[in-house]
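Report on the following structure.
Throughout, read-outs are computed from the coordinates displayed, never taken from laboratory work. As the structure is a prediction and not an experimental result, all values here were calculated from the model. Ideal geometry is used to build each Cβ from the backbone, glycine not excepted, and the neighbour counts take in all protein chains shown.
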Amino acid sequence: MAAETLRLLGAGARMNVARILRTRGQAIAHTVTDFIWHSGGMLAPILVAVRFGHIGPWPAEAIVFMLAYGTIVSSLMDALGDSPFSLSRRIGRGQLDHFLVQPQPLWRTLFTDGFTPFDFWPTLTIGIALLVWSIGPLRVPVTMGWLGLLGVSLLASIVVQTAFLYAWGCLAFWAPRGAEEVSTAASGLIGEVSFPLDPVPRALQVVLVSAVPSGLLSWLPSRALLRLPGTGPMDVWLTPLAAVVLGALAVAVFRLGLRRYRRTGSRRYSDHGHRR
Amino acid sequence: MATAVELRGVHKSFDRRLRSATFAGLLRDLARPRHETVTALCGIDLAVEAGEMVAYAGANGAGKSTTIKLLAGLLAPDAGSVRALGVDPVRDRVRYVGRIGVVFGQRTELWWDHPVSATFAWRRTVWNIPDDVYRRSLAFARELLGIDPFWSAPARELSLGQRMRADLALALVGEPRILFLDEPTIGLDVLVKQEVLDAIRTLNRERAVTVMITSHDMPDLEQLRARIVLLNRGAIAYDGSFEELRRRLGDRRRLVIETDSAAAPALPGARWAASEGTRHEYAFDAIVTPIPRLLAAAAARARLVDVETQRAPIEEVIADLYRDWRDA
């Protein structure tokens, strides 16, 4: 199963390399703008933190850690394919049919489709570099256990975002036209947070780690991993727990929607956005 | 001979939401949505033998594409059973779709911004096609469809005919046992259409690939010399050969004449169908009433300004056939 998945990811990576080599100018422009966009997004909170030395209980280095964590999550999400971000379009435009005629389980097709590892490595590199840099001044005890927790948290954040986008994207099963762009709207809603949410009222914090779980993409897992003041001993498991719950919900909604799709099919088709 | 495709008592219907055009109606619809049931397939029984070529024809909305979607594992029937290559296309989708090829005329499997060759390499990986099978089937497909001239061109730069040939060749890679072609000649010019139809015939004749092809273009399907299944409102109205169909239907045509009078002249051997001003339309069977005789009769009875004959539209032919059988 894993070997087959890797094989398909390899096919996506080859297509990615081929596109980059053929459209060098475009690829460079894309990478540079992506780099500037991500760096620019990180700059404001870092400058604020450096100017005041901290934001709430977060020292400047912890802010950098949180932003680096968020950057790694978003670059991995982008590299892993555009299925979560364009699910509603694919369903709404009848393009899911193209996936269903492939002799692969649908989860594998969705997981591997659009894999573009070479588009996002600069952003990922910034994320990893800043994360590594921030750990030193923060005096984080980097043990195998802590690194394992970091890996689990990153994976959980990716699952949370994917599940959130899938759950919303599945609306297109029931309203192909009306909800065609819901994935785009949902991805705007769950964008990573740039500032710590600690000063935010408690009720809003709860919303931002549940209904709109932006806080789970960097803020809450970073706070738990760095054991900042106000962190409970079990907080580091909140993001993985949310990933399990949201993941299960997304799978259930998707299966329900797919059953409907099998029954009703898609009566509209547009190739727009399909394998460009 | 083994059965490649079998549909037994297949029913498929869809819900359609009805909407009002007036504001009050829209509010009413909001409070109490109205739906109607559209029957796409109504008790279809069909068996296709391995190596057979079946032309699946019917008017728009007759249920052709729904059948292809059922057979491609994209849709499940409401009632009845669908079996192809001995399996249920929906339940055994992964195993099944690796052994079939599907081409939808208005869709493409090609990667838009990549050369045609890249999509073939991608398919080889995703379909997990063994090296020897890939080499053999690719060589056959490239020669059969003549795709070498645009093998390295980006898909977005292909003409519609080239795209269709590439899509068809792509479906042949991996040596599928059944090929489902949904309107593969739609929008193609005469020459390319001929090439595509020739390729389909060769494929069926030389490789014994079972082919199910849909179209509402009867002359195209007739060229394939296939068994023809005619659908009308979701039911099979005819299943047999073209020769038998022609014998039953005759050569149904339309004669449109423009005269200097709004009164349509009565023409022996033709049935008046409609008039619009001084333009009059008649239905006739060209075998029973030869065209020259009918034109002579028209010229004798009216002052002709313009004359035009047309083959009766397939929708009308099918409807007539269906009416004939219902009345029989």
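Under the Karplus relation 6.51 cos²θ - 1.76 cosθ + 1.60, θ = phi - 60°, what is the ordered set of whole-Hz ³J(HN,Hα) values for region A:38-52, x standing for Gly and Pro?
Per residue, the Karplus-derived 3J(HN,Hα) values read 5, 5, x, x, 7, 5, 4, x, 5, 5, 4, 5, 5, 4, 9 Hz.
Anyone know which of A:Arg262, A:Arg90, A:Arg19 comes out most mobile in the 10 Å Cα GNM of chain A?
Looking only at A:Arg262, A:Arg90, A:Arg19, the biggest GNM fluctuation is shown by A:Arg262.
Under the √(5λ) rule applied to the eigenvalues of the Cα gyration tensor, what semi-axes describe the equivalent ellipsoid of region A:117-190? Give them in Å, descending.
Details: eigenvalues 243, 43, 19 Å².
In descending order, the three semi-axes are 35, 15, 10 Å.
Given that compact globular proteins tend to follow 2.2 N^0.38 Å, what is the ratio of the alpha-carbon Rg of region A:1-112 to that value? Kindly include the intermediate steps, with their values, before the conclusion.
Values: Rg = 19.0 Å, N = 112, 2.2 N^0.38 = 13.2 Å.
Output field value: 1.44.
With an 8 Å cut-off on Cα pairs and a minimum separation of 6 or more residues, tell me the relative contact order of chain B in percent.
Relative CO of chain B lands at 19 percent.
Could you tell me the center-to-center distance, by alpha carbons, between region A:53-76 and region A:1-45 in angstrom?
23 Å
Whole angstrom only: what separates the Cα centroid of region A:127-159 from the Cα centroid of region B:256-307?
That distance is 87 Å.
List the residues, sorted by chain then number, that are 5 or more residues from B:Arg225 or on another chain and whose placed amide H is less than 5 Å from its amide H.
none
If you build a Gaussian network model of chain B, linking Cα atoms that sit under 10 Å apart, which residue out of B:Ile147, B:Ile287, B:Ile213 swings the most?
Its mean-square fluctuation being the largest, the pick is B:Ile287.
Which of rounded, prolate, oblate describes region B:54-195, given a ≥ b ≥ c as roots of the alpha-carbon gyration tensor eigenvalues and a/c under 1.5 marking rounded, otherwise prolate only if a/b is larger than b/c?
Numbers: a/c = 2.09, a/b = 1.30, b/c = 1.61.
Note, shape of region B:54-195 comes out oblate.
Under the Karplus relation 6.51 cos²θ - 1.76 cosθ + 1.60, θ = phi - 60°, what is the ordered set of whole-Hz ³J(HN,Hα) values for region B:234-247, x standing for Gly and Pro?
x, 10, 6, 8, 7, 9, x, 8, 5, 4, 5, 5, 4, 4
Specify the residue with the greatest mean-square fluctuation among B:Glu157, B:Glu308, B:Glu183, computed from a Gaussian network of chain B linking alpha-carbon atoms under 10 Å apart.
Checking each option, the largest mean-square fluctuation is seen for B:Glu308.
Skipping prolines and chain starts, which residues have an amide H placed within reach, meaning under 5 Å, of the one on B:Tyr238, given they are 5 or more residues away or on another chain?
Amide H neighbours of B:Tyr238, under 5 Å, 5+ apart: B:Leu230.
Quick one: A:Leu147, A:Leu228, fewest Cβ neighbours within 10 Å first, how do they rank? Mind dumping the intermediate values first?
Details: A:Leu147 10, A:Leu228 20.
Sorted ascending by nearby Cβ count, the order is A:Leu147, A:Leu228.
What per residue convex hull volume, in Å³, do the alpha-carbon atoms of chain B yield?
Working: hull volume 68.2 nm³, N = 328.
It is 208 Å³ per residue.
What value, in deg cm²/dmol to 500, does the helix sum -39500 (n - 2.57) over DSSP H runs of n ≥ 4 give at 222 nm once divided by the residues of the protein assembly as shown?
Computed mean residue ellipticity for the protein assembly as shown: -16000 deg cm²/dmol.
Could you work out the relative contact order of chain A? I mean the mean sequence separation of Cα pairs under 8 Å and 6+ apart, divided by the number of residues, in percent. Before the final figure, lay out each step's value.
On the way: 346 pairs, mean separation 71.1, N = 276.
Contact order relative to length: 26 percent.
Assuming R0 = 25 Å, can you tell me the calculated FRET efficiency for the pair B:Arg301 and B:Ala273, based on Cβ-Cβ distance, to the nearest 0.05? Write down the numbers at each step before the final one.
Values: r = 17 Å, r/R0 = 0.66.
Using R0 = 25 Å, I get an efficiency of 0.90.
Based on the alpha-carbon gyration tensor of region B:70-136 and its eigenvalue square roots a ≥ b ≥ c, which shape applies: rounded if a/c is under 1.5, prolate if not and a/b is larger than b/c, or oblate?
Values: a/c = 3.23, a/b = 1.67, b/c = 1.93.
Oblate.
Is the C-alpha gyration tensor of the protein assembly as shown telling us rounded, prolate or oblate? Criteria: a/c under 1.5 is rounded; beyond that, a/b larger than b/c is prolate, otherwise oblate.
Taking the square roots of the gyration eigenvalues as a ≥ b ≥ c, the protein assembly as shown is prolate.
Residue-wise, which Karplus ³J(HN,Hα) couplings in Hz belong to region B:65-71, taking 6.51 cos²θ - 1.76 cosθ + 1.60, θ = phi - 60°, and x for glycine or proline?
5, 4, 4, 4, 5, 5, 6
Using alpha-carbon pairs under 8 Å, 6+ residues apart, how would you state the relative contact order of region A:49-135 in percent? Could the numbers behind the result be given before it?
On the way: 77 pairs, mean separation 39.7, N = 87.
Dividing the mean separation by the residue count of region A:49-135 yields 46 percent.
Scan around B:Ala40 for amide H atoms under 5 Å from its own, H built in the peptide plane at 1.01 Å from N, and keep only partners 5 or more places away or cross-chain.
Close amide H contacts, sequence-distant or interchain: B:Lys12, B:Ser13, B:Phe14.
With a 10 Å radius around each residue's Cβ, average the other Cβ atoms per peptide and rank B:17-23, A:2-8, B:193-199, highest first.
Details: B:17-23: 9.3, A:2-8: 12.3, B:193-199: 18.1.
With the highest mean Cβ count within 10 Å placed first, the list reads B:193-199, A:2-8, B:17-23.
Let's see if you can work this out: charge +1 on each Lys and Arg Cβ, -1 on each Asp and Glu Cβ, no other charges. What is the dipole magnitude of region B:107-178 about its Cα centre, in debye to the nearest 20?
Working: 10 positive and 9 negative charges, 28 e Å.
Dipole of region B:107-178, to the nearest 20 debye: 140 debye.
Debye sum, Cα scatterers, region A:7-264, no solvent: what log₁₀ I/I(0) at q = 0.09, 0.10, 0.12, 0.17 1/Å?
-0.43, -0.53, -0.76, -1.35
Quick one: Kirkwood hydrodynamic radius for region A:1-60, alpha-carbon pairs, angstrom, one decimal? Present the calculation step by step, with values, prior to reporting the outcome.
Details: mean 1/r = 0.0674 Å⁻¹.
14.8 Å is the Kirkwood radius here.
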